[in-house]
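Colleague: Submitted below is the structure of interest, expressed as structure tokens.
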Ligand SMILES: Nc1ncnc2c1ncn2[C@@H]1O[C@H](COP(=O)(O)OP(=O)(O)O)[C@@H](O)[C@H]1O
Ligand SMILES: [Mg+2]
């Protein structure tokens, strides 16, 4: 299935245009193109090694593409920016492995993440104001960690860490959010709670969820992009892609 | 985990602790600053309470080492950067102060040359090199003792942190840095006295360096400076910046993806740490009376890291305790069996790294608990409501 509607790119939230990334000759991404609309929630699925994490690395400034462009909000080229600059533009990212600061309290994790002046001296003299504080508190409620507020993040369960990391993204107020395998390693109950949380976030901002848990993606009920060997294999509703013969062959059929 | 991996693994202190330790530390420093000079200057020499002058200077020296240890803990314990080159910053601060004291000698040198230090006369130099200008002036020397180490740290950190050099690689480069400086300072034509370094100082701000009064004031100043640096470091690690550098230590990539420029934060802490080390060196040289290129020896920097590891990194006060205690042990041991010292130091280091990664101060609470439990077992409190452990 092809990406269509070239005219709409200027209004798109994110436009990945023919991106190729090679590691020692091996193409982790191969002429990858797709578009995310403003406010859209998109699921990206694909077998292990399909290039999902690499795609995220390219968009968030960690890896530079060998070919192609990544355009944010129609006219901002992300290809030339580093991680900090990409975050400053309003793009947040949750890692595949839950990455929270284990030696900091849950509250402090959110305090470090919340939108604020990122310069060195601002941090040296920063005092948490009431606005930011109440935003942290309400985020704690939202991710279900209000009771763990003062606990060390390292003491949280695996699922709670994933939620905390999502909370750390929410307090940054990003326009576009990337979640790399948010339910990996979660129990069924935790997965369900995560589905609720993500549904709740829908419409607030653009969200790209990368997963290979099909049940989870099904439960989200959003447009799906299937990645295979670094390029888009199929795109559409979950039912559509599940019935796509290519997809069945390389992924679902196994 | 291998020994090496352990050195790069974070050792976080539990938050909240440290209040009591800070209070104890500051009280001890205040006591040293007041009592030791008093007991040295006012108590007659034959009294049991008299503190001999050599001890005043020895204490001063230990406290300078403690300040160096503090600076290393700030960057290693809190930001996870294992610098094996802090001896260089210490030595540069020392040289700045040494240069001032060389200029203070004036025409009282062996050659009686008011324009040039003795070693330059000896080398047949006709005029003072430009980089010695200004060192007649004490405030200039103090500024340089902070500025030069700070500048070196800035350039070094700017080059390495931006290219994301870290871990063992960074440690090795810091060793190379101090080694290169040592070779440079050994050269006579560098204009810093070659392998003899700078010595034969007479006075500081016009006060005789040999007099008991001057030595007492130097010790007290060292206490004040150490207390000041300690409080500053405490304030920094308690700030949001402090939480952030600890976060960098624990998960650098996550911090980067929160939108912080990690290299700038590292640079800030590294430069500040180098300046504290420089100040320590500047206080050290008048109290020991000499600075030579040996201070740049790579082994010195490693030794200072060992003080921090033994004292307990990531606590600030642990580093200070380590700096003083290990050097005290060194004085005692090298007085008895000098050959053993290096083995003892290495042994302590390995033991601490493998078995007590939190160091002396970090293991102290557990040790006290253990002793309490042993005592409790021996005399079981018969009617205590707390004695409800199974097995009693
Ligand atoms: N830094 C790297 N160096 C070499 N190969 C890499 C690197 N990162 C990813 N790859 C390879 O690129 C492919 C895509 O990896 P990744 O993006 O992690 O896949 P996914 O997240 O979909 O499982 C894999 O074959 C992986 O081995
Ligand atoms: Mg992945």
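Throughout, read-outs are computed from the coordinates displayed, never taken from laboratory work. Predicted, not measured: the structure shown is a model, and the values here were computed from it. Here the Cβ is made from the backbone with ideal geometry for all residues, glycine too, and neighbour counts use every protein chain on show.
Colleague: Among the residues of region B:251-272, count how many are part of a helix (DSSP H, G or I) and within 11 Å of chain A (Cβ to nearest Cβ). Write out each step before concluding.
Modeller: Step one: filter region B:251-272 for residues part of a helix (DSSP H, G or I), giving B:252-256, B:262-272.
In the following step, the residues that additionally are within 11 Å of chain A (Cβ to nearest Cβ) were identified as B:252-256, B:262-269, B:271-272.
Number satisfying all stated conditions: 15.
Colleague: Which residues, taken from region A:77-93, are within 16 Å of ligand 2 (Cβ to nearest atom) and either more than 9 Å from chain B (Cβ to nearest Cβ) or surrounded by fewer than 16 Cβ atoms within 10 Å (Cβ to Cβ) (or both)?
Modeller: If the condition is that a residue be within 16 Å of ligand 2 (Cβ to nearest atom) and either more than 9 Å from chain B (Cβ to nearest Cβ) or surrounded by fewer than 16 Cβ atoms within 10 Å (Cβ to Cβ) (or both), then no residue fits.
Each row is one residue, and each column tells you yes or no for (1) within 14 Å of chain B (Cβ to nearest Cβ); (2) surrounded by 18 or more Cβ atoms within 10 Å (Cβ to Cβ).
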site	(1), (2)
A:54	no, yes
A:58	yes, yes
A:75	no, no
A:102	yes, yes
A:106	yes, yes
A:142	no, no
A:148	no, yes
A:155	yes, no
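Colleague: Separate question: Residues that are within 13 Å of ligand 1 (Cβ to nearest atom), in contact with a strand residue (DSSP E or B) (Cβ under 8 Å, 6 or more places away or on another chain) and within 14 Å of another protein chain (Cβ to nearest Cβ): does region A:6-25 have at least one? Can you show your working first?
Modeller: Of the residues in region A:6-25, the ones within 13 Å of ligand 1 (Cβ to nearest atom) are A:19-25.
With the extra rule that they be in contact with a strand residue (DSSP E or B) (Cβ under 8 Å, 6 or more places away or on another chain), the set shrinks to A:19-22.
With within 14 Å of another protein chain (Cβ to nearest Cβ) added as a condition, the list becomes none.
Within region A:6-25, none of the residues are within 13 Å of ligand 1 (Cβ to nearest atom), in contact with a strand residue (DSSP E or B) (Cβ under 8 Å, 6 or more places away or on another chain) and within 14 Å of another protein chain (Cβ to nearest Cβ).
Colleague: Now for a different question. Please specify each residue of region B:207-250 satisfying the condition of being assigned to a loop (DSSP other than H, G, I, E, B) and either out of contact with any strand residue (DSSP E or B) (no Cβ under 8 Å at 6 or more places or on another chain) or within 14 Å of another protein chain (Cβ to nearest Cβ) (or both). Steps first, answer last, please.
Modeller: Restricting attention to region B:207-250, the residues satisfying the condition of being assigned to a loop (DSSP other than H, G, I, E, B) are B:209-211, B:239.
Passing the criteria: B:210, B:211, B:239.
Colleague: Where residues in region B:106-124 are free of Cβ contacts under 8 Å to residues at least 12 places away in the same chain and farther than 15 Å from residue B:198 by Cα, which of them is surrounded by the fewest Cβ atoms within 10 Å (Cβ to Cβ)?
Modeller: B:124
Colleague: Please note which strands (runs of 3 or more DSSP E) are completely contained in region A:130-249 and include at least 2 residues that are within 19 Å of the chain's Cα centre (by Cα) and within 20 Å of residue A:91 (Cβ to Cβ). Walk me through it before giving the result.
Modeller: Values: elements: A:176-180, A:206-211, A:223-228, A:231-236.
Correct list: A:176-180, A:206-211, A:223-228.
Colleague: Between residues in region A:208-228 that are closer than 15 Å to residue A:243 by Cα and within 14 Å of chain B (Cβ to nearest Cβ) and residues that are part of a helix (DSSP H, G or I) and within 13 Å of ligand 1 (Cβ to nearest atom), which pairs lie under 6 Å by C-beta distance while being six or more apart or on different chains?
Modeller: From region A:208-228, no pairs qualify.
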